[in-house]
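J.: Please read through the structure below; I'll follow up with questions.
Taken together, the values in this text are just the output of simple stated rules run on the coordinates, not laboratory data. A quick note: this is a predicted structure, and the numbers were derived from the prediction, not measured. Because the Cβ atoms are built from the backbone with ideal geometry, glycine has one as well, and the counts that use them run over all protein chains shown.
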Amino acid sequence: MILVTGASGTLGRPLTRLLAEAGADVHALSRRARPPEDGVTWHQGNLRTGEGIDEAVAGAGTIVHCASEPLHAKRDLPAARLLVEAARRQGAPHLIYISIVGVDKIPYGYYRTKHAVEKLIEDSGLPYTILRTTQFHTLPDMVLNVLTKAPGVIALPKGLRDQPIDVGEVAERLAELALAPGPARRVDDMGGPEVLTFEEMARAYLKARGLRRPVRVPLPLPGAAGRGFREGHHLTPGHAVGRRTWQEYLDERHPRP
Ligand SMILES: NC(=O)c1ccc[n+]([C@@H]2O[C@H](COP(=O)([O-])OP(=O)(O)OC[C@H]3O[C@@H](n4cnc5c(N)ncnc54)[C@H](OP(=O)(O)O)[C@@H]3O)[C@@H](O)[C@H]2O)c1
């Protein structure tokens, strides 16, 4: 039995589907009540309060922890602690965690929390696997969508690059790790097929959406976290294993009429 937390999210959805298609007994956690789906048993539970967590974890041989609250970054650490404690009470399931390339090097609040969660899991005594990836295509897509809502110039941070990856490919790798016979500790990082400047990504995005807008890159991101991103610690060009490019993603996501 495999439990997926964050199963309703951007990553959790394709992961849950892949595991169900592979014939696994898939259980899925959400804060909301959800109707049963083919091959997936939904549990209602909340990692902030602990409500429903013991019931969801019961009988799991593997837990893939994808639940997260990026807008309330500090909540992820107590949530992970609660999950680890519930897992310990149920035996010693294999705990798989999805993290982000550079969380140990870039002092950005959300990344610090993810690094602390990694350490919590490594020290938990549970068999574990941790996979770090670069940003999913959906994240810069969402950022650029917000930036293009207001009319006028699009101002982007200077010197920022990204190596976006297809979320379906990350789900495939996580499914492979979840279906493997045992834990693998920290596995190789996983990055998208190409490193692009954010300006290149924005220009491709505008073109895909048929928008004509001036783009400026006036200022570098400030502070130590900004320096970490400028220095590219969130990139992993040595592990550019992703296949789907940003342009291919855009062509499908924003097809021209
Ligand atoms: N997005 C990226 O570019 C990227 C890159 C690398 C790694 N990651 C990591 O991948 C993971 C998944 O990201 P995502 O983009 O798929 O996130 P997402 O779409 O925002 O989904 C987050 C999920 O967390 C669940 N959740 C939030 N708070 C919860 C709580 N208190 N109790 C139980 N469930 C809770 C939500 O489920 P309900 O609303 O149904 O309760 C939701 O399904 C995160 O750990 C993230 O750091 C993301």
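J.: Going by the structure shown, is Leu211 of a type outside the set (Asp, Glu) and either part of a helix (DSSP H, G or I) or in contact with a Phe, Trp or Tyr (Cβ under 7 Å, 6 or more places away or on another chain) (or both)?
T.: no
J.: Which one is farthest from Gly91 (Cα to Cα) among residues in region 62-74 that are hydrophobic (A, V, I, L, M, F, W, C) and surrounded by 15 or more Cβ atoms within 10 Å (Cβ to Cβ)?
T.: Among those residues, the one meeting the criterion is Ala73.
J.: Now for a separate question. Just checking, how many residues over region 9-51 are surrounded by fewer than 18 Cβ atoms within 10 Å (Cβ to Cβ) and not in a helix (DSSP H, G or I)?
T.: 21
J.: Of the conditions (1) near the ligand (Cβ under 10 Å from one of its atoms); (2) touching a helix residue (DSSP H, G or I) at 6+ places or on another chain (Cβ under 9 Å); (3) free of Cβ contacts under 8 Å to residues at least 60 places away in the same chain, Pro140 clears all except one; give me its number.
T.: Failed condition: (3).
J.: Filtering region 62-90 down to residues that are within 21 Å of Leu15 (Cα to Cα) and not in a helix (DSSP H, G or I), which residue is farthest from the ligand (Cβ to nearest atom)?
T.: My answer is Thr62.
J.: Still on this structure: Name the single residue, out of those in region 52-61 being part of a loop (DSSP other than H, G, I, E, B), surrounded by 15 or more Cβ atoms within 10 Å (Cβ to Cβ) and in contact (Cβ under 8 Å) with a residue 40 or more places away in the chain, that is nearest to the ligand (Cβ to nearest atom).
T.: Step by step, filter region 52-61, then rank; the result is Ala60.
J.: Just wondering, is there one or more residues in region 199-212 that are within 16 Å of the ligand (Cβ to nearest atom), surrounded by fewer than 18 Cβ atoms within 10 Å (Cβ to Cβ) and within 27 Å of Asp104 (Cβ to Cβ)?
T.: No, because not a single residue in region 199-212 is within 16 Å of the ligand (Cβ to nearest atom), surrounded by fewer than 18 Cβ atoms within 10 Å (Cβ to Cβ) and within 27 Å of Asp104 (Cβ to Cβ).
J.: Next question, about the same structure. Please specify each residue of region 105-131 satisfying the condition of being closer than 19 Å to Thr236 by Cβ and either of a type in the set (Val, Ile, Thr) or away from the ligand (no atom under 14 Å from the Cβ) (or both).
T.: Lys105, Ile106, Pro107, Thr129, Ile130
J.: In the set Ala150, Ala204, Ala171, Ala178, which member is in contact (Cβ under 8 Å) with a residue 40 or more places away in the chain and farther than 30 Å from Pro93 by Cβ?
T.: Sole residue among the options that is in contact (Cβ under 8 Å) with a residue 40 or more places away in the chain and farther than 30 Å from Pro93 by Cβ: Ala204.
J.: Find all pairs meeting these conditions: Cβ atoms under 8 angstrom apart; at least six residues apart or on different chains; first residue within region 19-42 and over 15 Å from Ala180 (Cα atoms); second residue surrounded by 14 or more Cβ atoms within 10 Å (Cβ to Cβ) and among the basic types (Lys, Arg).
T.: Short answer, once both residue conditions are applied: Ala28/Arg34; Trp42/Arg34.
J.: Suppose we keep only residues that are over 16 Å from the mean Cα position of the chain (by Cα) and among the hydroxyl-bearing types (Ser, Thr, Tyr) within region 109-128. Which one would you say is surrounded by the most Cβ atoms within 10 Å (Cβ to Cβ)?
T.: Selected residue: Tyr128.
J.: Considering each of Arg34, Arg48, Arg13 in turn, give the residue that is within 13 Å of the ligand (Cβ to nearest atom), in contact with a Phe, Trp or Tyr (Cβ under 7 Å, 6 or more places away or on another chain) and among the charged types (D, E, K, R).
T.: Exactly one of Arg34, Arg48, Arg13 is within 13 Å of the ligand (Cβ to nearest atom), in contact with a Phe, Trp or Tyr (Cβ under 7 Å, 6 or more places away or on another chain) and among the charged types (D, E, K, R), namely Arg34.
J.: Residue under question is Leu179, and the condition is that it be within 23 Å of Tyr128 (Cβ to Cβ) and surrounded by fewer than 18 Cβ atoms within 10 Å (Cβ to Cβ); does it hold?
T.: Numbers: within 23 Å of Tyr128 (Cβ to Cβ): yes; surrounded by fewer than 18 Cβ atoms within 10 Å (Cβ to Cβ): yes.
Considered against the rule, which asks whether it is within 23 Å of Tyr128 (Cβ to Cβ) and surrounded by fewer than 18 Cβ atoms within 10 Å (Cβ to Cβ), Leu179 comes out as yes.
J.: Let me ask something else. Restricting to region 48-81, name every residue that is over 21 Å from Ala178 (Cα atoms) and not small (Gly, Ala, Ser).
T.: Arg48, Thr49, Glu51, Glu69, Pro70, Leu71, His72, Lys74, Arg75, Asp76, Leu77, Pro78
J.: Conditions first: (1) within 18 Å of the chain's Cα centre (by Cα); (2) surrounded by fewer than 16 Cβ atoms within 10 Å (Cβ to Cβ); (3) assigned to a loop (DSSP other than H, G, I, E, B). Gly192 passes all but one, so which condition is the exception?
T.: (2)
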